[in-house]
Structure formats: C-alpha cells, structure tokens
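Bear in mind these aren't lab numbers, they're just calculated from the coordinates by the rules spelled out. Only a predicted model underlies this, so the values are computations on that prediction, with no experimental measurement involved. Cβ placement follows ideal geometry from the backbone for every residue including glycine, while neighbour counts extend to all protein chains displayed.
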Amino acid sequence: MGLVRTGILLAGLTAFFLAIGYMIGGTGGMAIALVFALATNLFAYWNSDKLVLRMYGAREVDARTAPELYGIVQGLARRGGLPMPRVYIIENPQPNAFATGRNPENAAVAATTGLLQILNRDEVAGVMAHELAHVKSRDTLIMTISATIAGAIGMLANFAFFFGGGSDNRNNPLGVIGVILVMVLAPIAAMLIQMAISRTREYEADRIGAEICGNPAALAAALAKLQRGAARVPNPQAEHNPATAHLFIVNPLHGKSFASLFSTHPDMGDRIARLMEMARSMTARPTAAPRGSFGGPWG
C-alpha cells in the first residue's frame with residue numbers, strides 16, 4: 001500500500017476518534033479525542049511492531065539460536081534486495097506467520113512453532129518470502145498501525161460508560177444514546193479496519209513472494225497446510241485481539257468471535273490456484289528460477 005492510502009486510512013481513523021469523543025463528551029470530548037488520536041497514531045508509527053510482537057510472545061532468534069530459519073530468511077532477503085529483517089519465533093501450535101515494521105530497514109518476520117513443525121524447508125521459504133513481499137511493498141506499516149489503532153478504538157468502547165454517559169451531562173449531546181452507539185459501533189468499526197486493508201495485498205504478496213523464492217508451488221503447498229492447521233488449532237491471542245488477524249498469512253480466527261465475519265483474507269482456493277498457474281508459467285519459461293533452491297526437509 002502506498003503512502004496516499006496509508007494517509008487516507010489514518011485520517012479516517014482520526015475522524016472516527018473525533019466522532020467517538022463528540023458522542024461521549026461533546027466538543028470538549030472531541031478535543032480530547034483529537035489529542036488521543038494524534039498520540040495513538042504517533043505511538044503506533046514508532047512502536048506498533050514491538051507491541052504486536054510482545055502481544056504474541058515472540059522471541060528474537062539469530063544465526064546461532066535458529067540457524068536454519070535465520071539462514072532461509074537471510075538468503076531470501078538477499079534475493080529480494082531487502083535489508084536483513086529481525087527474525088522471531090512464536091511459541092504457538094497454530095501454524096502461521098506475519099511480518100511487521102514501519103519500513104524495510106526496521107522490519108521483522110515471525111513464524112510460529114506450529115508452522116516450523118509441519119512445513120518442509122521449501123515451504124518455510126515460500127512463507128517467509130511472502131512475508132518479505134509485504135515488507136518490500138511496505139504493507140507492514142499500515143498493517144501494524146491499523147492493528148494498534150483498532151485495539152485503541154475497542155478500548156475506548158469499553159471505557160465509554162466512564163465518560164459522560166449520564167443523561168444529565170450537558171457536554172454529551174446524545175446522552176446515554178451516544179454512549180450506547182459508541183459501545184455498539186466502535187468494535188464494529190475496529191473490525192472494519194481489517195476490511196479497509198485491501199485483500200489484494202495478499203494476492204500481491206503471494207506473487208512477489210513466489211518470485212523471491214522461485215517456487216510458487218511450494219508456497220501453494222504451504223498455504224494449504226497452514227489453512228488446514230489453522231482450522232484445527234486455535235490461536236487464543238488472536239481470538240482476544242481480532243484486530244491483529246489481518247497480519248497473518250492465513251486467518252487465525254476460528255469463527256467464534258463476531259470479528260471473524262470480517263475476514264481480510266481472500267479465498268484460499270483462489271490463492272492456491274493463482275500460485276499453481278504461476279508455477280506452470282515459470283516452468284514454461286527457459287529463464288525460470290530453479291525449483292527446490294531451498295530443498296531438503298525442515299529441521
């Protein structure tokens with residue numbers, strides 16, 4: 001996503017903060033909400049990646065503590081013309097992965113232990129290449145900022161009754177009705193933020209990632225495995241923080257929360273079909289990148 005789309009989304013989020021402040025506390029509440037929105041945007045720009053990584057208990061690894069994963073990412077970053085990102089492992093049995101960071105120079109990629117257990121080396125490379133594609137396209141800035149601000153909007157909804165909810169509060173133009181509207185609409189808006197991030201970014205990350213790793217079929221196989229694994233294994237952190245679901249390569253939610261209705265992930269069958277078509281096209285080209293460049297079993 002470009003800087004223009006990022007600016008539009010952040011402006012829309014700021015406007016929604018103002019609306020929440022007005023419904024809770026009138027013009028005074030709107031002024032407070034403006035300050036809060038600006039502070040949240042600034043905090044999210046500089047710290048949203050750290051916040052998300054901490055939320056999922058990610059631990060940073062290096063060439064000594066996780067030589068195979070680190071080596072794969074290092075090779076892919078070199079092939080993709082990217083700076084070496086920080087590499088993290090999340091102790092979570094659900095197979096999944098995400099990227100974060102405000103720019104390629106401050107990026108991080110994270111994979112769960114569940115992913116590393118079920119994928120072979122080529123498939124891990126495909127997934128990490130997909131995440132590096134998000135870094136290369138600078139998707140990660142808006143992804144992480146939107147996750148942070150969506151959480152803040154949800155927090156405002158939870159605290160709505162503590163700010164001007166009484167019917168005798170003259171600063172609240174809508175009284176209790178305004179507070180109820182905030183409590184009902186704010187969480188929905190936080191979920192819609194996920195939908196504001198175009199699903200096309202996943203298709204584009206699949207395409208660029210397949211080019212980086214040189215093996216679209218391996219990424220397609222990995223996506224199929226991740227989809228099956230994520231459907232079987234819950235991710236409690238994601239269920240408690242649905243605004244972060246769009247960060248992952250496959251949807252981590254199990255449909256138990258209302259947020260799962262607003263999935264940002266495109267149809268997995270379509271993603272796999274596109275990758276397999278890309279694989280056939282690359283095979284037909286004499287200059288196609290060699291398959292199996294990250295061959296061999298994982299671990």
*In the stretch 30-113, GluC sites (Glu not before Pro) in a DSSP loop with at most 15 other beta-carbon atoms within 10 Å*: 91
*Going highest first, how would you order 240-246, 126-132 by mean Cβ packing within 10 Å?*
126-132, 240-246
_Packing-based ranking, highest mean first, of 272-284, 44-56 given that Cβ atoms within 10 Å are counted_ = 44-56, 272-284
_In 10 Å bins starting at zero, report the fraction of Cα pairs in the stretch 40-124 per bin as a rounded %._
17, 50, 29, 5, 0
*What ³J(HN,Hα) values, in whole Hz, does the Karplus curve 6.51 cos²θ - 1.76 cosθ + 1.60 give for the stretch 42-55 when θ = phi - 60°, with x put for Gly and Pro?*
5, 4, 5, 4, 8, 10, 4, 5, 5, 5, 5, 4, 5, 4
